[in-house]
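Below is one structure; the comments refer to it alone.
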Amino acid sequence: MPAAIALIVVGLLLRQVDRLRHLRRPAALTAAEAMALQRSRATAWAPALLLLGEWIQIVGWWLLADAEPVLAALTAVAVGVHFRHLQEISHFAVHGVLARGRRANVLLAEVFVHLPMALGPVGQRRTRHVRDHHPNATVRGVDPNFEELRFAGLVQGAGKGAVTRAAVFPLTARGLWGTLTGMGRALAGPGRAAAVLVTAMAAYAVGGWLGLVAGLVVPRLWLYPQFAWLSLLGEHTWFDPERRTGNRTEIEAGRCLRLYPESAVMSAVAAVTWLPYGDLHHYAHSAHPAVRWNYLPAVERGLAPPHCTPPALLIGADSLLARHRRALARTVGTPPALASGGPAGGSRNL
């Protein structure tokens, strides 16, 4: 157990190197100021240490699961959170602002995230997310994220029960099938299956069967997809955006939201678990996608609030899920047919 805890602490400390590199900044910044500042501090080595630190912590959790079987459940949750962190870090690589240089961004995302986690090629994710999603967020028939929402049952006329079940969709049999088929497509490329096999062998070598099951299989198949799904649900008012005109910030203010605007505690909890590395500030990211996560809070302070600021995600009449439910109930028209084989590879899980 001491070795496991030491690895977790060492990994945590390594992650702070990248944070310290971007630490000193004004409380409020324009997007242009933020981009100039992040360019002046951009490196390839600091993000590499950040990603390496995440994996060192994961190895520590694998070792902890093997040392104390009762900690297997905690290991599963912790690794699920780390996988969510890795996905969000690689999201900024897709936008080209994780490291200095396009090649470094692609290489870091592939080696540390996409290959070991059985995600699709970085280039495919960039096309789907940057080209297809960002300019067309919440536009039905154009935004690729609607494939995932439809597959989960979030369609026109969906009832209260269907919307409630959709909140935990990745944990259901249908959600697991979607995860497995998405992973199957991702493994089709050369060398990608071998990378996943190496990751599985490492988990077993370090943590035995508990390390493999609780430290890799359960987080990758259920917990990480659930955390990513909650993030997707909380990115936009998918089913009742306000169609605004004007500059990009004004447009995004009408289709984005800001969770927990008055709760520092819930904001902090979300930021270290399922909304890490700036995902809590998705509105600021949508308005200025070339800004690195370190500077999004400072940029957000200069933006007018978005049209939706729910105090909760899932529970309560004023939660975002309740808003989604009401919006779907108000929508009229024939529900589109659900896809039969899982989403085609949504931007959250590519």
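The values are calculated or read from the model by the stated rules, or taken from the named source; none is laboratory data. Note that the coordinates shown come from a computational prediction; the quantities given were computed from them, not determined experimentally. Reconstructed Cβ throughout: ideal geometry from the backbone, glycine too, with neighbour counts over all protein chains shown.
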**Q.** Any chance Val79 is closer than 24 Å to Val213 by Cα and either outside any helix (DSSP H, G or I) or among the β-branched types (Val, Ile, Thr) (or both)
**A.** yes
Q.
Name the single residue that is farthest from the chain's Cα centre (by Cα) among those in the range 82-97 being part of a helix (DSSP H, G or I) and small (Gly, Ala, Ser).
A. Ala93
(Q) Being among the aliphatic types (A, V, I, L, M) and farther than 22 Å from Gly96 by Cβ is true for just one of Leu280, Leu221. Which residue is that? (A) Leu221
Q. When you scan the range 98-114, how many residues do you find that are in a loop (DSSP other than H, G, I, E, B) and surrounded by 22 or more Cβ atoms within 10 Å (Cβ to Cβ)?
A. 2
Q. Just one of Thr237, Thr273, Thr245 is of a type in the set (Ser, Thr, Tyr), out of contact with any strand residue (DSSP E or B) (no Cβ under 6 Å at 6 or more places or on another chain) and under 26 Å from Gly141 (Cα atoms); which is it?
A. Thr245
(Q) Taking the condition of being of a type in the set (Lys, Arg), in a helix (DSSP H, G or I) and free of Cβ contacts under 8 Å to residues at least 24 places away in the same chain, how many residues in the range 137-188 meet it? (A) 2
Q. How about the range 115-131: which of its residues are part of a helix (DSSP H, G or I) and either in contact (Cβ under 8 Å) with a residue 60 or more places away in the chain or in contact with a Leu (Cβ under 7 Å, 6 or more places away or on another chain) (or both)?
A. Gln124, Arg125, Arg128, His129, Val130
**Q.** Where His95 falls short, out of the listed (1) in contact (Cβ under 8 Å) with a residue 40 or more places away in the chain; (2) surrounded by fewer than 24 Cβ atoms within 10 Å (Cβ to Cβ); (3) closer than 19 Å to Tyr277 by Cβ; (4) out of contact with any Pro (no Cβ under 7 Å at 6 or more places or on another chain)
**A.** (4)
Q. Taking the condition over 26 Å from Val163 (Cβ atoms), at pLDDT 95 or above and either charged (D, E, K, R) or surrounded by 21 or more Cβ atoms within 10 Å (Cβ to Cβ) (or both), does Ala228 pass?
A. no
**Q.** Single match in Ala173, Ala162 (criterion: aliphatic (A, V, I, L, M), exposed (fewer than 15 other Cβ atoms within 10 Å of the Cβ), at pLDDT 95 or above and out of contact with any helix residue (DSSP H, G or I) (no Cβ under 8 Å at 6 or more places or on another chain))
**A.** Ala173
Q. Is the range 120-129 home to any residue that is over 22 Å from His285 (Cβ atoms) and hydrophobic (A, V, I, L, M, F, W, C)?
A. no
Q.
All but one of (1) closer than 30 Å to Ala6 by Cβ; (2) within 15 Å of the chain's Cα centre (by Cα) hold for His129; state the number of the condition that does not hold.
A. (1)
Q: Inspect the range 233-244 for any residue being closer than 22 Å to Phe151 by Cβ and of a type in the set (A, V, I, L, M) and give the result as yes or no.
A: yes
